Amino acid sequence: MLKGLDRYWRIFGTGLSFLAVGIGGVFIFPVFNVIVREPQRRKVLARNLIRLTFRGIARSMCAFGVFHYETTGLQQLERRGLLIVANHPTLIDIVFLMAFVPQADCIVKAGLWRNPFTRATVRAAGYIRNDDDGVGVIDDCVASLRDGGNLIIFPEGTRSTAAGSIHLKRGAAHIAVRARCNVTPVLIRCAPPMLVKGEKWWRLPDCSSRFTIDVKEDLDIRPFIAAADSEVLAARRLTAYLQRYFVEETHARAAA
């Protein structure tokens, strides 16, 4: 009975955290957008507010016993102009990264710009809108990095499958090559799995999950550019390398 109560308590904590995001999008950021009119100042303030909010959400979910987490290498993220590339096993990976990364930028699906619960938030923060215009999105990402933004990319394009297989798309590599920006890899692991692709958010495991967030040393992209005849070929080879890198590192962590 106590085990069942614990699970319902964790479901309640998870739902409350998601509700907080919706409340911010419906009540706080619409007012914020009216009060702060200058776009650059609004973007900086909004990203700071989102970072603080997501830190609070992560801590509250820990307090509810939904999960616990440990981190390594967070000092690597206290820089500007980073291209942060991470695997994507759960729905709340972005919560962790937004909580840890100063002035974080990200690519947002066009639907979230129309969603009444999120459109005011993403507009305030000036996130990059993905309208399925690959060239335009890459241009916006390069501009963000050159402006000192810290760009978070999940190169799988969606959450990993329940089996944990990783299949990367080339977008992150194209951005790295175009911007001449090294890649900062982040490895995320969650055991037992929760909030995975294809599962309802309330279907939590029988016990608290443990997240490990491991920020690795930067990957130098210059050898890929120097060895290729074109940016397209460099991006293709960099994608293949990142694919092997994430698969090997993820399996190594799982075996540890």
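The values are calculated or read from the model by the stated rules, or taken from the named source; none is laboratory data. Fair warning: this is a prediction, and the values are worked out from it, not measured in the lab. Please note: Cβ atoms are built from the backbone with ideal geometry, for glycine as well, and neighbour counts cover all protein chains shown. Please note that ligands, DNA and RNA were not included when accessible areas were found on the heavy atoms of the full protein model with its side chains. Shrake-Rupley method; radii C 1.70, N 1.55, O 1.52, S 1.80 Å.
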Exercise. Counting pairs of alpha carbon atoms under 8 Å apart in space and at least six apart in sequence, what relative contact order in percent does the chain give?
Worked result: 24
For this session: Would you mind checking the radius of gyration and Dmax of the chain based on alpha-carbon positions, in Å?
Result: 18.5, 64
Problem set entry | FRET E, pair Arg146, Arg203, Förster distance 45 Å, beta-carbon r, rounded to 0.05 | 0.60
Seminar exercise, completed: Between Tyr69 and residues 5 or more places away or on another chain, the pairs with built amide H atoms under 5 Å apart involve Phe211
Exercise. So what is the accessible area of the chain per residue, in Å², with the probe set to 1.4 Å?
Worked result: 51
Seminar exercise, completed: With a 1.4 angstrom probe the carbon and sulfur portion of accessible area for the chain, in percent, totals 58
For this session: Please express the shape of segment 132-200 as an equivalent ellipsoid: the semi-axes are the square roots of 5 times the eigenvalues of the C-alpha gyration tensor, given largest first in whole angstrom.
Result: 27, 13, 11
Exercise. Taking the alpha-carbon centroid of each part, what is the distance from segment 161-214 to segment 46-114 in angstrom?
Worked result: 12
Exercise. Highest mean first, what order results for 28-41, 102-115 on Cβ atoms within 10 Å?
Worked result: 102-115, 28-41
For this session: Please list the helices of the chain that count as membrane-span-like by this rule: a mean Kyte-Doolittle hydropathy of at least 0.5 together with Cα atoms stretching 24 Å or more along the helix axis, each helix being a complete DSSP H run.
Result: 2-23
For this session: Would you mind getting me the FRET efficiency between Arg244 and Phe27? Use the beta-carbon distance for r and R0 = 35 Å, nearest 0.05.
Result: 0.15
